[in-house]
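Report on the structure given below.
The values are calculated or read from the model by the stated rules, or taken from the named source; none is laboratory data. Everything numeric in this text was worked out from a predicted model, so none of it was measured. Quick reminder, even Gly has a Cβ in these numbers, built from the backbone with ideal geometry, and neighbours come from all protein chains shown.
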Amino acid sequence: FRVMITADQVAFLLFASLLWGGTNPFMKRGSQGITAIKKYNNPIAQVLYEFWFLFTRWQYVVPYLVNISGSVMFYYSLASMEMSLVVPVVNSLTFIFTQIVGMLLGEETGTSKTYLGIFCVIVGVSICVWSGL
């Protein structure tokens, strides 16, 4: 028994990965300064204050909401495709989109091992997708 996937389903996988991976560098930027916060000795109060810190900054909230929309796309994909395809493809491509957007924002470009890893991910994802076509 083999389930075929459509171009629309592949687009959903790519878009979910883009929404997750593309927002990671923006959430990282939006959360800058959180590690310097040491306001409370009580760990619960500290965590609550850190949540307050994050969710009162639009620089974090906007990418977070976009990231959550990626989760909606991911769950839709899980409902319409095999989990054994959706999970590895989306999670692998998320890494690539995080790297690309991070580079576009001026973050470290990575090493030759990073690019070898990206190449391996693309080959692996291609095999997964083509096996379902």
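Observations
- Every condition in (1) free of Cβ contacts under 8 Å to residues at least 40 places away in the same chain; (2) buried (at least 17 other Cβ atoms within 10 Å of the Cβ) is met by Ile96 except one, and the failing one is (1).
- Residues of region 82-106 satisfying the condition of being touching a helix residue (DSSP H, G or I) at 6+ places or on another chain (Cβ under 6 Å) and either modelled with pLDDT under 90 or part of a helix (DSSP H, G or I) (or both): Leu85, Val86, Val89, Val90, Ser92, Leu93, Thr94, Ile96, Phe97, Thr98, Val101, Gly102
- Region 1-80 holds helices (runs of 4 or more DSSP H) entirely within its bounds, and those carrying 2 or more residues that are under 19 Å from the mean Cα position of the chain (by Cα), without any contact (Cβ under 8 Å) to a residue 60 or more places away in the chain and surrounded by 14 or more Cβ atoms within 10 Å (Cβ to Cβ) map to 7-30, 58-80.
- Every listed requirement among (1) more than 30 Å from Ile5 (Cβ to Cβ); (2) part of a helix (DSSP H, G or I) is met by Thr109 save one, (2).
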